[in-house]
Structure formats: structure tokens, C-alpha cells
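The next block holds one structure in the form of C-alpha cells; read it before the comments.
Rule-based calculations on the coordinates, nothing more; no lab input. Remember, predicted model here, so these are calculated numbers, not experimental data. All Cβ positions, even for glycine, are placed from backbone atoms using ideal geometry, and neighbour counts span all protein chains on display.
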């Protein structure tokens with residue numbers, strides 16, 4: 001989804017336009033998450049860009065997108081550009097730190113000679 005959302009339209013309330021743009025983004029993301037995952041993929045990830053225009057758009061994290069849209073509305077911007085592209089994501093295990101292992105701490109507690 002690539003779209004330039006206008007916040008100043010004659011006869012339309014600015015806050016309603018902002019709410020409609022956020023609704024459209026959420027609706028797109030929900031629709032994308034319902035799509036079938038390709039083989040070997042764990043989840044849908046999203047590559048997002050945000051800016052006043054398409055040329056000024058920068059990469060942002062998906063979790064910050066709605067907040068950026070709110071800031072654009074509060075700052076008085078006439079429009080903002082949003083690009084969201086769904087991509088396949090594979091979860092990776094976090095590396096275990098042996099010094100923080102709960103089982104290791106429990107074993108030391110039960111057997112002090114360790």
C-alpha cells in the first residue's frame with residue numbers, strides 16, 4: 001500500500017480525515033495478516049515508510065506508524081505519505097546467556113558443589 005493521505009479537504013473535518021487514514025492503514029494490515037503464509041514462514045512483517053511526500057519518506061518501524069500519523073495531524077501538515085509492504089518473516093531464537101539460565105541457577109542452589 002502506497003498512499004498520500006490528504007488532511008485538508010474542503011468541507012471535511014481534519015480529525016475525521018486523520019481517523020479515516022488510520023482506519024485504512026489498520027484495515028490493510030489486518031487483511032495482509034489474514035493472508036496465507038508461504039512455506040517456512042512464521043509471520044507477516046511490514047516494511048514501512050513515512051513522510052510528508054513520497055520523496056521525503058523514510059523507513060520507520062511499524063509500531064511507530066500510527067503515532068507518526070497523529071504527530072502529522074497535530075503539527076498541521078496538509079498531507080502525509082505512508083507506504084506499507086508486507087513481507088515474510090521468520091522468527092529466530094534469542095541467544096541464551098548461560099549466566100542467566102534459571103535452570104543453571106536452580107541446579108547450583110540444589111547442588112552447591114557445582
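Annotations
- Efficiency of FRET between residue 35 and residue 6 - r from beta-carbon atoms, R0 35 angstrom, step 0.05: 0.80
- Applying 0.36 nm per residue to the separation of residue 24 and residue 74 and subtracting their alpha-carbon distance, the gain on full extension is 16.1 nm.
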